[in-house]
Amino acid sequence: MPVKSPREMFVMVLSNVRQGAEKATKIYQEIGQMAQDPQVKEALEARAFISEKVLDTLDQCFKLIGEQPVKSSGRLQEVFMEDFRKELNEIQNPAARHLFILSKLIHLTHLRIGEYVALVAAADLAGHHGVGVLLESCLADRLAFVERTRRLIRRIVEERVAERLAA
């Protein structure tokens, strides 16, 4: 689909983010099933729940600008998950698996953070301040998830170090 105006570009990126949010819920659920650490599993279940709320927020953004999502051809998350499954299957150590899962989640989340930053700026530029507020709330959810994941990684590493020192 050719993009002829900044508004069309905004709708296209917002549509990509919405499609990504739809797929993210499924990804978090799938990765959560692969995680063996109860805290990692719980964090992923919470993230899946929040992703569903983000969909409602993004739908409200479309309503406020009077547009509908457009079909996106992006395969970012499908390729990401294909590679993720392949690489995860090669990791045998449970601690390494947990760190790998968490690092890949941060990676995917940072891609989305970049999209939200651009969308917030575009909404402000277009004078859609209410949409900007909604998108900022989605961005805040992503930033909080990255911080929580970083803390979880730190906890896993500290536990492993403590186990080695005790042995």
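The values are calculated or read from the model by the stated rules, or taken from the named source; none is laboratory data. Note that this is a predicted model, so its numbers are computed, not measured. With ideal geometry, Cβ positions are generated from the backbone for all residues, glycine too; neighbour counts draw on all protein chains shown.
Observations on the model:
- Checked against the criterion of being out of contact with any strand residue (DSSP E or B) (no Cβ under 8 Å at 6 or more places or on another chain), in a helix (DSSP H, G or I) and surrounded by 11 or more Cβ atoms within 10 Å (Cβ to Cβ), the candidates Val120, Val161 yield just one match: Val120.
- Criterion violated by Ser73 - all others in (1) of a type in the set (S, T, N, Q); (2) at pLDDT below 85; (3) within 21 Å of Asp141 (Cβ to Cβ) satisfied: (3)
- Where helices (runs of 4 or more DSSP H) fall wholly inside region 1-97, no range has 3 or more residues that are of a type in the set (Phe, Trp, Tyr), without any contact (Cβ under 8 Å) to a residue 40 or more places away in the chain and surrounded by 15 or more Cβ atoms within 10 Å (Cβ to Cβ).
- Of the criteria (1) modelled with pLDDT of 85 or more; (2) under 17 Å from Ala123 (Cβ atoms), which one Pro6 fails: (1)
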